[in-house]
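Beneath this line is the structure, given in structure tokens, with notes to follow.
The values are calculated or read from the model by the stated rules, or taken from the named source; none is laboratory data. Remember, it's a predicted structure, so these values are computed and weren't measured experimentally. Here Cβ is always computed from backbone atoms with ideal geometry, including for glycine, and neighbour counts include all displayed protein chains. Surface accessibility is based on the protein's heavy atoms, side chains included, excluding ligands, DNA and RNA. Shrake-Rupley method; radii C 1.70, N 1.55, O 1.52, S 1.80 Å.
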Amino acid sequence: MEFNGSQIDIVQYSADYREQLEAFELEERQMIYSSLPIQVLEEGLMDHNRRPCVVLNKENQVVGFFVLHQYYQHEGYETPINAVYVRSLSINAKYQGHGYGTEIMMNIPEYVQQVFPDFEHLYLVVDAENQAAWNLYERAGFLHLATNPEGPIGKERLYYLDLSGQYASKLRLIQQDDKVMLDKDGTDVGQIKLSVDGKAVRIEAFTSADDEVRESALRQLATYVRKHYPEADRILVETDQPGPYLNVNFVQDDLQVPDQLMKLIRY
């Protein structure tokens with residue numbers, strides 16, 4: 001199985017890449033969150049439920065690594081048995097800053113569907129302090145499901161993506177005055193109008209003709225608001241169509257205002 005992107009190719013491990021994996025580097029802080037590929041490779045090769053995967057740039061240099069693990073159950077969470085987890089994801093320190101991590105996450109659902117076509121549930125777990133990582137996962141359409149305050153190295157977050165859904169993972173949220181323009185492959189596919197009230201950012205209007213674009217935008221909106229409104233701690237919306245919002249962690253804010261929903265964006 002292979003994925004060919006604009007900057008990267010994702011392939012399953014072969015011995016041709018072992019020397020580069022042995023030279024794979026992580027910064028000291030990254031070592032807190034992830035293992036070096038060579039530290040998990042042998043275990044991955046011995047277990048038929050795991051698929052060690054190598055990420056190459058167009059010069060055939062190993063820039064990333066991860067393991068797909070079917071039927072895995074992460075301690076502290078109850079997830080379906082027929083699930084796939086992304087584990088030990090890392091970007092080679094020598095090649096960071098080129099957008100490789102973003103392209104991996106934007107395309108990993110498609111690659112997983114190639115490797116495990118019969119699975120519908122994709123999960124990953126990330127250390128709660130590693131905000132750069134979970135911001136990236138949210139931009140890629142993953143949904144924050146739960147937080148475990150007592151993970152192996154501290155507080156951690158569980159993320160999920162439904163592989164049976166047709167997510168618009170290439171959707172970009174672009175700031176334009178008080179609007180958020182929704183761009184997919186260079187085409188304007190909708191917009192969100194926001195207003196700010198103290199620490200709350202309110203969705204005043206949301207236009208999109210495509211339900212999949214709408215849900216993908218809502219999945220990415222928390223990351224967008226954290227970046228552009230650093231004082232905000234929640235998103236509010238008043239709607240008589242709660243369905244899409246409830247799917248991405250919005251909850252009823254006030255029993256006296258049943259149509260108002262709220263999503264916390266800082267934890």
Within the stretch 23-51, considering residues that are within 15 Å of residue 92 (Cβ to Cβ) and in contact with a Phe, Trp or Tyr (Cβ under 8 Å, 6 or more places away or on another chain), the one surrounded by the fewest Cβ atoms within 10 Å (Cβ to Cβ): 38
I'd like to check something: does the stretch 17-37 contain any residue that is modelled with pLDDT under 95, farther than 19 Å from residue 96 by Cα and not in a strand (DSSP E or B)? no
Looking at residue 98 and the list (1) over 15 Å from residue 158 (Cα atoms); (2) in a loop (DSSP other than H, G, I, E, B); (3) without any contact (Cβ under 8 Å) to a residue 60 or more places away in the chain; (4) not polar (S, T, N, Q), which single condition is not satisfied? (3)
For residue 172, the lone unmet condition from (1) part of a helix (DSSP H, G or I); (2) touching a residue at least 12 places away in the same chain (Cβ under 8 Å) is (1)
Between a residue in the stretch 1-22 that is open to solvent by 100 Å² or more (accessible area, probe 1.4 Å) and any residue that is of a type in the set (A, V, I, L, M), which pairs come within a Cβ distance under 7 Å, given they are 6 or more apart or on different chains? 1/115; 22/38
State whether one or more residues within the stretch 94-106 are hydrophobic (A, V, I, L, M, F, W, C), more than 23 Å from residue 41 (Cα to Cα), within 12 Å of the chain's Cα centre (by Cα) and not assigned by the TED database to the domain that holds residue 220. yes
Six or more apart or on different chains, Cβ atoms under 8 Å: show the pairs whose first residue is in the stretch 136-163 and in the same structural domain as residue 116 (by the TED database) and whose second is part of a strand (DSSP E or B) and among the basic types (Lys, Arg). 144/157; 146/157; 147/155; 147/157; 148/155; 148/157; 149/155
Counting only strands (runs of 3 or more DSSP E) wholly inside the stretch 189-267, the ones holding at least 1 residues that are among the hydroxyl-bearing types (Ser, Thr, Tyr) and over 25 Å from residue 159 (Cα atoms) are 200-207
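Conditions (1) in contact (Cβ under 8 Å) with a residue 24 or more places away in the chain; (2) open to solvent by less than 30 Å² (accessible area, probe 1.4 Å), marked per residue:
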position	(1), (2)
55	yes, yes
59	no, no
62	yes, yes
68	yes, yes
75	yes, no
81	no, no
89	yes, no
114	yes, no
119	yes, yes
Could you tell me which of the residues 177, 185 is open to solvent by 40 Å² or more (accessible area, probe 1.4 Å), in contact (Cβ under 8 Å) with a residue 12 or more places away in the chain, over 15 Å from the mean Cα position of the chain (by Cα) and on the phi > 0 side of the Ramachandran plot? 185
Of (1) modelled with pLDDT under 95; (2) out of contact with any strand residue (DSSP E or B) (no Cβ under 8 Å at 6 or more places or on another chain); (3) not β-branched (Val, Ile, Thr), residue 43 satisfies all except one. Which? (2)
